[in-house]
1. Assuming 0.36 nm per residue, please report the length gained on full extension of the stretch Gln113 to Ser137 beyond their Cα-Cα distance.
2. When the Cα centres of the stretch 8-40 and the stretch 125-150 are compared, how far apart do they sit, in Å?
3. Go ahead and estimate [θ] at 222 nm for the chain from helices alone: -39,500 (n - 2.57) per DSSP H run with n ≥ 4, summed, over the residue count, rounded to 500.
4. Taking Cα atoms, how many degrees apart are the long axis of helix 143-154 and the longest axis of the chain, rounded to 10 and kept between 0 and 90?
5. Go through the stretch 14-120 and name the trypsin sites (Lys or Arg not before Pro) that are in a DSSP coil and have 14 or fewer other Cβ atoms within 10 Å of their Cβ.
6. Using the Cα atoms of the stretch 18-206 to build a convex hull, what is its mean projected area in square nanometres?
7. Give the cysteines in the chain for which no other Cys Cβ lies under 4.7 Å away, or write none if there are none.
8. Regarding the stretch 129-171, what is the average projected area of its C-alpha convex hull, in nm²?
Amino acid sequence: MAKKERSASNLELIGGALCLDFANTVSTRIEAERREYLTNYRELVAWSQHTQLLAMDDAQSLLHAAAHHPDGAAAVLARAIALRETLYRVFAAVAHAREPQDSDLAALNAVLQQALSRSKIQPSAGGFEWGWAVAGSDLDRMLWPIVRSATELLTSEDLGRVRQCARDGCDWLFVDASKNHNRRWCSMDVCGSRVKARRYYRRKKHAAPKS
């Protein structure tokens, strides 16, 4: 059976944190090889539904609202892409033991303030939990939990386990939860197998011919 082509609705969720999965919604930052998965607001909603940020009814409601407010939906998409690139730069810096740029932290804090203004505490089965004060016109509601995920990761003990895929041409980010903390690939099935296959081909190509 042929493997489905990657899209916003079926992207691998291998980041280990919602914010990293969101940063991974573009194939690479190498311009010549770049493939954008969030090409329109509908794809942003599809990814949000794929990650269970949105239930089906919520997704349909947002698409209906976006159809009546296309300029607003386009503005949200632009903000989503800007947030994604900010998250990528911040966590790529962390993965390489560098300090994130002050401008990126400032941009993240600006979005965080907007998200916090819509957060609330609500009852749950075990006591209380974080929730969101959502209005039907909030086309950007899927961005709020992404920002909260980023702040939680930045202030957690897992921050030192943030890694970037070691395969040339892939810059996906992930939290290394392996036992020995030596995971190199975003996905062994994708990048790991490609690197191994390439190494095997090179060894075979340069092997001395049999007499």
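Just so you know, all these numbers are worked out from the coordinates, no wet-lab data involved. All values derive from a computational prediction rather than experimental measurement. Here the Cβ is made from the backbone with ideal geometry for all residues, glycine too, and neighbour counts use every protein chain on show.
1. 6.7 nm
2. 21 Å
3. It comes out at -14500 deg cm²/dmol, rounded to the nearest 500.
4. 60 degrees
5. Passing sites in the stretch 14-120 are Arg29, Arg34, Arg35, Arg98.
6. 13.9 nm²
7. Cysteines lacking a close Cβ partner in the chain: Cys19, Cys191.
8. That works out to 4.9 nm², a quarter of the Cα hull's surface.
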